[in-house]
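First comes the structure, then the notes that go with it.
The values are calculated or read from the model by the stated rules, or taken from the named source; none is laboratory data. Here the structure is a predicted model, which means the values were calculated and not measured. Using ideal geometry, Cβ is built from the backbone for each residue, glycine included, and neighbour counts are taken over all protein chains shown. Quick note on the areas: whole protein, heavy atoms, side chains included, nothing else; ligands and nucleic acids left out. Shrake-Rupley method; radii C 1.70, N 1.55, O 1.52, S 1.80 Å.
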Amino acid sequence: MTRRTCPLALFLLLSLLFPLLSLAQSDPGVRGGGAAAGGPLASVAANSPANILNFFDQGKTAFLEVDSVSGTIAGEDGKGLGPRYNSRSCAACHAQPATGGSAPSVNPQVGDATRDGATNTIPSFITSSGPVREARFPFFFDANGNPDTTRPNGGVEDLYTIKGRTDAAGCTFPSVNGSTQGQPSFAQAQNTGNVIFRIPTPTFGAGLIENIDDSTLLTNVNNSANNSFGISGVLNREGNAGTISRFGWKAQNKSLEIFAGEAYLVEQGVSNELFGQERPLPGEGTTTSLPASCKFNATPEDLTQFSGVGPGVMSDTVGFAMFMRLLAAPTPSTTTPGGSTSINNGKALFNSIGCNVCHTPSLATTRSSFTSSLTNATANLYSDVAVHHMGSLTDNVSQGGAGGDQFRTAPLWGVGQRIFFLHDGRTTDLFAVIRAHNSSGSEANGPSFNFLINLTVSQQQDVLNFLRSL
């Protein structure tokens, strides 16, 4: 028997049972062995069409590139860092279990704060063993330093500035709360509860997701609408063309190139052909913008290489997109953890308790102009790419058509080798993730309740083993 929602008494009962439940079974943790991801699609590895493998390799090289301000630091091949940034390389944050993945076990942002002479203060929510994070303030502050709920913000507040770096001589920022480094007031935001976090999303199999036709996504969501769990996801859309967007925590980005260009500007401060101006903070952008003393390069800093040949012509942004597009999906294990019987049982239970209503096991792609592995392929992504109301997981940030409590169904392929989970990286435990899906207003109440209450301890372990096999 399934239930759509839990009355208050059941929520109270669950809160008492959760500590006992979490001792009864456990997340097996990051699956061992080599990285089951990170290589090119099969047809790309076979170099079909001719020279496509060179584009994948060149894109990966750009993805690995470490940026400095003007490309003058030895060992840092890229240029355009800052004036504000969260890290200095795509691959530094998308690293687990291989290039293109999610946050690694050692957070590169700790070292980024003072690299090459920078004088940033490391925010308390950035730790060496914690997840890579970007910070957002859901609301602007009023004159008294309190969140003004009538003025939504939601933009990324970059952690660091280039002030003090050996390649940023003369860069200065106005004094804010006694600091001249130019960093946002993270302590104030934390003290007033006006900060949320996001962690990197893995990009394995991204080309398959990009090549799912809009009609396939619509049909899948419509077919899932008549369920017994109260689940009613919607597809986010790009504002101008009106087509379905699918990348990012709220499915706010339409394509991999837009996803790459925005990240290059927001996370590393590199202006590019899609986002041509240097980026100030959200509040800064409405008043004074960036100080001229911290702008060192002509824009866009990343652009098409007119003197290049073949893949050498690509801008970094196009290279990033090509690398992600041609990345193969993660390869699941059939035996680890727990053995094949447990994994197969867990897969059947995952479907029977309703998890598959949002986490659609597979969707078919359409024809691709790039390579045959993207054409009429099966993407075993475990996602409907739709956004859903998630109750207490709300972050009060709206993006496109996704409201403050709505998130894209996170694709589950590759979960077996991920370290940090949920949009803010608050946990490394898949049991805690399932538990967090259960709250007032969450569309996932039915499936999570079924897992927490209606499954035996052994069955719960089978589901956890199945998830870690992906």
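Could you say which residue among Phe197, Phe204 is out of contact with any helix residue (DSSP H, G or I) (no Cβ under 8 Å at 6 or more places or on another chain) and surrounded by 21 or more Cβ atoms within 10 Å (Cβ to Cβ)? It would help to see each step written out before you state the result.
Details: Phe197 fails: surrounded by 21 or more Cβ atoms within 10 Å (Cβ to Cβ).
Among Phe197, Phe204, only Phe204 is out of contact with any helix residue (DSSP H, G or I) (no Cβ under 8 Å at 6 or more places or on another chain) and surrounded by 21 or more Cβ atoms within 10 Å (Cβ to Cβ).
If I filter the stretch 119-127 for residues that are within 24 Å of Pro282 (Cβ to Cβ) and without any contact (Cβ under 8 Å) to a residue 40 or more places away in the chain, do I get at least one hit? Full working, then the answer.
Taking the stretch 119-127 as the starting set, the residues that turn out to be within 24 Å of Pro282 (Cβ to Cβ) are 119-126.
Of the ones still in play, those that are also without any contact (Cβ under 8 Å) to a residue 40 or more places away in the chain are 122, 126.
So far as the stretch 119-127 goes, yes, one or more of its residues are within 24 Å of Pro282 (Cβ to Cβ) and without any contact (Cβ under 8 Å) to a residue 40 or more places away in the chain.
State all residues of the stretch 100-138 that are more than 26 Å from Phe259 (Cβ to Cβ) and open to solvent by 30 Å² or more (accessible area, probe 1.4 Å); if no residue qualifies, say none.
Thr114, Asp116, Gly117, Thr119, Thr121, Ile122, Ser124, Thr127, Ser128, Ser129
Where residues in the stretch 437-454 are among the small types (Gly, Ala, Ser) and open to solvent by less than 20 Å² (accessible area, probe 1.4 Å), which of them is farthest from Cys358 (Cα to Cα)?
Filtering the stretch 437-454 down to residues among the small types (Gly, Ala, Ser) leaves 439-442, 444, 446, 448.
So of that shortlist, the ones also open to solvent by less than 20 Å² (accessible area, probe 1.4 Å) come out as 439, 442, 444, 446, 448.
Values: Ser439: 17, Ser442: 12, Ala444: 9, Gly446: 12, Ser448: 12 Å.
Ranking the qualifying residues of the stretch 437-454, first place goes to Ser439.
Please count how many residues of the stretch 57-100 are among the polar types (S, T, N, Q), within 20 Å of the chain's Cα centre (by Cα) and more than 28 Å from Gly34 (Cβ to Cβ).
First pass over the stretch 57-100, keeping only residues among the polar types (S, T, N, Q): 58, 61, 68, 70, 72, 86-87, 89, 96, 99.
Now drop any that are not within 20 Å of the chain's Cα centre (by Cα), which leaves 86-87, 89, 96, 99.
Now restrict to residues that are more than 28 Å from Gly34 (Cβ to Cβ): 86.
Qualifying residue count for the region: 1.
Are any residues in the stretch 386-417 under 16 Å from Asn253 (Cα atoms), of a type in the set (S, T, N, Q) and not in a loop (DSSP other than H, G, I, E, B), and if so, which ones? Explain how you work it out, then say what you get.
Step one: list which residues in the stretch 386-417 are under 16 Å from Asn253 (Cα atoms), which gives 386-387, 397-403, 406-411.
The next check asks that each one be of a type in the set (S, T, N, Q); those that pass are 398-399, 406, 409.
Gln399, Gln406, listed by residue number.
Considering the stretch 167-192 alone, what residues qualify as being of a type outside the set (S, T, N, Q), within 17 Å of Ser289 (Cβ to Cβ) and in contact with a strand residue (DSSP E or B) (Cβ under 9 Å, 6 or more places away or on another chain)?
The first filter runs over the stretch 167-192 and keeps only residues of a type outside the set (S, T, N, Q), leaving 167-171, 173-174, 176, 178, 182, 184, 186-187, 189.
After this cut, where a residue has to be within 17 Å of Ser289 (Cβ to Cβ) as well, the list is 171, 173-174, 176, 182, 184.
Those that are of a type outside the set (S, T, N, Q), within 17 Å of Ser289 (Cβ to Cβ) and in contact with a strand residue (DSSP E or B) (Cβ under 9 Å, 6 or more places away or on another chain): Cys171, Phe173, Gly182, Pro184.
Return the residues of the stretch 30-73 that are open to solvent by 50 Å² or more (accessible area, probe 1.4 Å), farther than 29 Å from Asn86 by Cα and in contact with a Leu (Cβ under 9 Å, 6 or more places away or on another chain); say none if nothing qualifies.
Once the filter is applied, which keeps residues that are open to solvent by 50 Å² or more (accessible area, probe 1.4 Å), farther than 29 Å from Asn86 by Cα and in contact with a Leu (Cβ under 9 Å, 6 or more places away or on another chain), the stretch 30-73 yields Ala45, Ala46, Asn47.
Return the residues of the stretch 366-388 that are farther than 22 Å from Asn351 by Cβ and open to solvent by 10 Å² or more (accessible area, probe 1.4 Å); say none if nothing qualifies. Working first, answer last.
Step one: of the stretch 366-388, the residues farther than 22 Å from Asn351 by Cβ are 366-376.
Correct list: Thr366, Arg367, Ser368, Ser369, Phe370, Ser372, Ser373, Thr375, Asn376.
Take the residues in the stretch 264-285 that are part of a loop (DSSP other than H, G, I, E, B) and over 21 Å from the mean Cα position of the chain (by Cα); name whichever of them is surrounded by the most Cβ atoms within 10 Å (Cβ to Cβ). Outline the logic, then answer.
Start the filter on the stretch 264-285 by keeping residues that are part of a loop (DSSP other than H, G, I, E, B), which leaves 269-283.
Narrowing further to those that are over 21 Å from the mean Cα position of the chain (by Cα): 273, 276-278, 280, 283.
Details: Glu273: 16, Gly276: 14, Gln277: 13, Glu278: 22, Pro280: 19, Gly283: 17.
Result: Glu278.
Tell me whether the stretch 6-29 contains one or more residues that are hydroxyl-bearing (Ser, Thr, Tyr), open to solvent by 10 Å² or more (accessible area, probe 1.4 Å), outside any loop (DSSP other than H, G, I, E, B) and modelled with pLDDT of 95 or more. Break it down stepwise before answering.
Of the stretch 6-29, the ones hydroxyl-bearing (Ser, Thr, Tyr) are 15, 22, 26.
Then keep just the ones that are open to solvent by 10 Å² or more (accessible area, probe 1.4 Å); that gives 15, 22, 26.
Next, only the ones that are outside any loop (DSSP other than H, G, I, E, B) stay: 15, 22.
Remaining after also requiring modelled with pLDDT of 95 or more: none.
Looking through the stretch 6-29, none of the residues is hydroxyl-bearing (Ser, Thr, Tyr), open to solvent by 10 Å² or more (accessible area, probe 1.4 Å), outside any loop (DSSP other than H, G, I, E, B) and modelled with pLDDT of 95 or more.
Given the criterion more than 30 Å from Val463 (Cβ to Cβ), part of a loop (DSSP other than H, G, I, E, B), modelled with pLDDT under 95 and of a type in the set (Ser, Thr, Tyr), identify the matching residue among Thr366, Thr288, Thr304, Thr299.
Working: Thr366 fails: modelled with pLDDT under 95; Thr304 fails: modelled with pLDDT under 95; Thr299 fails: modelled with pLDDT under 95.
Selected residue: Thr288, the only one of Thr366, Thr288, Thr304, Thr299 that is more than 30 Å from Val463 (Cβ to Cβ), part of a loop (DSSP other than H, G, I, E, B), modelled with pLDDT under 95 and of a type in the set (Ser, Thr, Tyr).
Which numbered condition in (1) buried (at least 17 other Cβ atoms within 10 Å of the Cβ); (2) free of Cβ contacts under 8 Å to residues at least 12 places away in the same chain is the only one that His359 fails?
The single condition His359 does not satisfy is (2).
Could you grab me the full set of residues in the stretch 144-175 that are hydroxyl-bearing (Ser, Thr, Tyr), touching a residue at least 60 places away in the same chain (Cβ under 8 Å) and outside any loop (DSSP other than H, G, I, E, B)?
First, the residues of the stretch 144-175 that are hydroxyl-bearing (Ser, Thr, Tyr): 149-150, 160-161, 166, 172, 175.
Next, only the ones that are touching a residue at least 60 places away in the same chain (Cβ under 8 Å) stay: 160-161, 166, 172.
Correct list: Tyr160, Thr161.
Being within 25 Å of Arg435 (Cβ to Cβ) and assigned to a helix (DSSP H, G or I) is the requirement here; does Ser383 meet it?
Working: within 25 Å of Arg435 (Cβ to Cβ): yes; assigned to a helix (DSSP H, G or I): no.
Answer is no for this residue.
Among the numbered criteria (1) of a type in the set (S, T, N, Q); (2) under 22 Å from Pro337 (Cα atoms); (3) buried (at least 20 other Cβ atoms within 10 Å of the Cβ), which single criterion is violated by Thr409?
Condition (2) is where Thr409 drops out.
Conditions first: (1) of a type in the set (Val, Ile, Thr); (2) without any contact (Cβ under 8 Å) to a residue 24 or more places away in the chain; (3) closer than 17 Å to Val270 by Cβ. Thr304 passes all but one, so which condition is the exception?
Evaluating Thr304 over (1) of a type in the set (Val, Ile, Thr); (2) without any contact (Cβ under 8 Å) to a residue 24 or more places away in the chain; (3) closer than 17 Å to Val270 by Cβ leaves (2) as the failure.
Could you grab me the full set of residues in the stretch 228-268 that are among the acidic types (Asp, Glu), within 23 Å of Glu278 (Cβ to Cβ) and in contact (Cβ under 8 Å) with a residue 24 or more places away in the chain? Outline the logic, then answer.
From the stretch 228-268, those among the acidic types (Asp, Glu) are 238, 257, 262, 267; that's our starting set.
Right, trim to within 23 Å of Glu278 (Cβ to Cβ) and you get 257, 262, 267.
Scanning the stretch 228-268 gives Glu257, Glu267.
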